[in-house]
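Heads up: the structure comes next, in structure tokens.
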Amino acid sequence: MKQTVKIMLFLNLLFPVAHQLYAGRPSGRLSGMPCAGMPCAGMPCAGMPYAGKPPKLILASVYMKGIDIHQYLVSEKLDGVRAFWDGKNLISRGGKVFSAPEWYTEGFPEQPLDGELWLGRNRFEELLSIVSKKVPEEREWRHVKYMVFEVPKAEGPFTERYKLIVQLLATSTNTFIHPVTQFTLKDHRALMKKLGTVVSAGGEGLMLHRADALYKVGRSNDLLKVKPYMDAEAVVLSHIPGKGKHKGRMGSVQVMMENGIKFRIGTGFSDKERENPPPIGSTITFKYHGNTINHIPKFASFLRVKPSTFERENVLKGGE
């Protein structure tokens, strides 16, 4: 008994030291291990090594009719996982190093890059499964592309930065890294037509990047997202029992947005999701079409559970 107590005391003293040594060492590309079931879609994950402060990146605002399309380059909005390349590691928006096979980033430019890990249209959930595993499956990573749309530390307008992206990747021997194709459209009508084509083919939407914009971190009209609907996030507060064909399972969820507005979402759920609804306290993404006079999202419909507790904790604590 005394011997067991001594061993336990020794382990209690040893663990914090070992933890500090591990946390302080440089992160190898195979040393980062995401939490099981936690894809870290741009957000922190306790099981991934910390790269330092979260990278400061450009963020998108929402496109509104009336903006001069001639001033922007257009690209498809990829439904992937945001990843910042610092020259050594792929890092999430939360500052965690993604675990990827070492060969995956061989030949990447030393220049910092910003882009998305992407599998293809309508494959977001599959991608999350791949990047969430504690030990990366090499066979699965061979299908993941790193699609680059920015060069954070480069000077000049976006047109020049886009040319630099193409030049950098043209000389790379790596087959997993690609530039996001940019093109121009003449007006709002052409933009909506292109949006319809992309969405009909399974795409998520479009992105507009102001051609003459210098690189500036944060959210602004330099980068705009164009989607057939608006989306937002909310925290699940409770499950409302179903009636009729949904009797005996979840009918809707009571949710709260970060601005404190509460409402119910009852559409967009599959039968499987109604049997096993989003956990109370989890963050979900939903789509909607404008707001009521009371600022409640209209025609809100469930899209997916966001696999991160970071925003949920911020919302519940009243943070940003």
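Since every read-out is calculated from the coordinates, none of them should be taken as a lab result. Bear in mind that the values here come from a model prediction, so they are computed numbers and not experimental data. Heads up, the Cβs are rebuilt from the backbone with ideal geometry, glycines too, and the neighbour counts pull from every protein chain shown.
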Practice task
In nm, give the distance between the simple-model label positions of residue 142 and residue 304, each being 7 Å from the Cα along the Cα-to-Cβ direction.
Solution key: 2.5
Handout entry: Size of charge dipole - the stretch 103-210 - debye, nearest 20, with Cβ of Lys, Arg +1 and Asp, Glu -1, no other charges
Key = 440
Problem - the stretch 83-91 - phi-based ³J(HN,Hα) in whole Hz, Karplus 6.51/-1.76/1.60, Gly and Pro as x - result: 8, 9, 9, 9, x, 9, 9, 8, 10
Exercise for the section: Can you tell me the order of 280-286, 67-73 when each peptide is scored by its average per-residue count of other Cβ atoms within 10 angstrom, highest first? Expected result: 280-286, 67-73
Completion exercise
With a Förster distance of 51 angstrom and the Cβ-Cβ distance between residue 160 and residue 275, calculated FRET efficiency to the nearest 0.05 equals 0.45
Handout entry: Coil-residue trypsin sites (Lys or Arg not before Pro) of the stretch 89-144, DSSP, other Cβ within 10 Å capped at 12
Key = 142
Practice task
Enter the per residue convex hull volume of the stretch 69-156, computed from alpha-carbon coordinates, in Å³ rounded to the nearest integer.
Solution key: 117
Practice task
Return the sequence-ordered ³J(HN,Hα) values of the stretch 285-294 in whole Hz as given by the Karplus equation 6.51 cos²θ - 1.76 cosθ + 1.60 applied to θ = phi - 60°, using x for Gly and Pro.
Solution key: 9, 10, 10, 7, 10, x, 10, 6, 4, 8
Handout entry: Cβ-placed point charges (K, R +1; D, E -1), dipole of the stretch 230-316 about Cα centre in debye, nearest 20
Key = 460
Handout entry: Distance between the stretch 176-214 and the stretch 113-171 - C-alpha centres, whole angstrom
Key = 17
Completion exercise
Expected vector for the stretch 234-243, Karplus 3J(HN,Hα) from phi with 6.51, -1.76, 1.60 and θ = phi - 60°, integer Hz, x for Gly and Pro, equals 8, 9, 6, 9, 6, 9, 9, x, x, 10
Exercise for the section: Under a cut-off of 18 Å between alpha-carbon atoms, report the lysines in cross-link reach of residue 134, not counting same-chain residues fewer than 8 places apart. Expected result: 96
Practice task
Name the long-range amide H neighbours of residue 59: under 5 Å, sequence gap of 5 or more, or other chain; modelled H, no Pro or chain starts.
Solution key: 218, 219, 220
Handout entry: Charge dipole of the stretch 136-190 about the Cα centre (unit charges at C-beta), most positive-ward option of 188, 174, 144
Key = 188
Handout entry: DSSP-assigned coil residues among GluC sites (Glu not before Pro) in the stretch 138-168, each with at most 16 further Cβ atoms within 10 Å
Key = 155
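Please arrange 118, 141 by how many other C-beta atoms lie within 10 Å of their C-beta, fewest to most.
Numbers: 118 21, 141 18.
Final ranking by Cβ density, sparse to dense: 141, 118.
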